[in-house]
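Here is the structure we will look at.
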Amino acid sequence: MSAAAAVGRAPASGGRGHLRAPRMDLRYAVVIPAYNRAGVIAGTLERVLGQTLPPAEVVVVDDGSTDGTSEVAARYAPRVCCFRRENGGPGAARNTGVAQTSAPWIAFCDSDDLWLPEKMEVQLDLHRQRPEVLYSFTDLAIVRGGVWSGRSKFSERPEDFWAPGRETLDGCYWIYHEPLYARILTASLIIPSAFVISRRLFEDLGGFYEPLSRSRAEDWEFALRCAEQPCAGAVARPLVGLHKHDANYSASGLLNLLGEITMLEHALATHRSAPAHAGWIRERLLECRILAAHESFRTGDFTELRRLGADVPPGRRDLKLRLKLHIAAWPESAARAAAKLLVAISDKVQ
């Protein structure tokens, strides 16, 4: 029997006088935030609608696009509903989309990511077998030029990262009966497109924290709050393709670092699990500020460089950072000329 046929099927009766267990409702909604994705969203929708276990609801939230994204999504009506909103970032768009749905399970798919046809069938079968698991995530692979990488995200971590506390089910399902907070804190391994969560847990958590929605780390912060839960599931198969292209967010190192800084500051201040890891968080914040300061110099953002440098203790400023902070205090034209020269020399040496 396929997992699709098994979803929602009650176990056989134990005999006369025994009632069948109630069938588990695994209907799911897919929420797709989109901003200026007219060129790629059709491919994403085709993958979502082509699932071997079809979605009950598909919602595209056009987050203030100016390129006709809504018009492309509208071609898929009535199977797809499209809502427009003022630009507020992907986290806010996901919250808007969830509010328009009612299915008991929620999946997210970013508008430039790809699902394999069996993604939701396989992932929801984990929840069918283990109803106590209220959120799960799958492995993923990078897709470049339509070619799926043979290396998966999970494989980037050593076995001893995944093994502690792990129960393996049916070969590819990993069940954890302890919070994964410490592990997810040190490695951003969960992307929204690989994520499934029960509506009940999503609402209990309050959804994505919208003040972080433009930070490029709002999904990591949400994953951390999920990882505070005592039970989690993972699918050790790369069922999601992270599509790398020119418009992809991951292209900007500085913005990603600034997002991580904002997210970690928020986590340290608000997450109930953070105090146990405060030392690691503070050290990582310092590392991010140093890395972001160097990247600010490279991009010519001297205001950001000075702001970041002020948060780095003098004893942690190496010679290169001290030189860059010194140059950032020069008149603008001189600072830019010096920065351009130093960056060119650095690139040539590397």
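What follows is calculated from the coordinates using simple rules that are stated; it is not laboratory data. Here the structure is a predicted model, which means the values were calculated and not measured. Don't worry about glycine lacking a Cβ; one is built from the backbone with ideal geometry, like all the others, and counts go over all protein chains shown.
Quick notes
- Taking a span of 30 Å or more along the helix axis (Cα atoms) and a mean Kyte-Doolittle hydropathy of at least -1.0 as the rule, the DSSP H helices of the chain that qualify are 278-299.
- Solvent-free Debye scattering, log10 I(q)/I(0), computed from the Cα coordinates of the chain at q = 0.06, 0.10, 0.13 Å⁻¹: -0.26, -0.68, -1.07
- Size of electric dipole in the chain: Cβ of Lys, Arg +1 and of Asp, Glu -1, about Cα centre, debye, nearest 20: 260
- Between the range 168-196 and the range 271-344, the alpha-carbon center distance in angstrom: 32
- Extending 7 Å from Cα along the Cβ direction at Arg317 and again at Phe83 yields two label points whose distance is 4.8 nm.
- Summing charges over all other residues whose Cβ lies under 10 Å from the Cβ of His266, with Lys and Arg as +1 and Asp and Glu as -1, gives -3.
- Entry note, the chain: the mean residue ellipticity at 222 nm calculated from DSSP H runs of n ≥ 4, each adding -39500 (n - 2.57), is -12000 deg cm²/dmol after division by the residues and rounding to the nearest 500.
- Charge tally for Ala99 (other residues, Cβ to Cβ under 14 Å; Lys, Arg +1; Asp, Glu -1): 0.
- In the frame of its principal axes, the range 252-349 has Cα extents of 47, 28, 26 Å, reported largest first.
- Inter-part distance where the range 109-132 and the range 37-87 are each reduced to a Cα centre, Å: 18
- Dipole of the chain, positive direction: furthest Cα of Phe161, Leu264, Phe222, with charges on the beta-carbon: Phe161
- Rg/Rh ratio calculated on Cα atoms of the range 175-322 (Kirkwood radius): 1.00
- Per-peptide average of other Cβ atoms within 10 Å, ordering 271-282, 37-48 highest first: 37-48, 271-282
- Antiparallel DSSP beta bridges within the chain, as percent of all bridges there, nearest 5: 45
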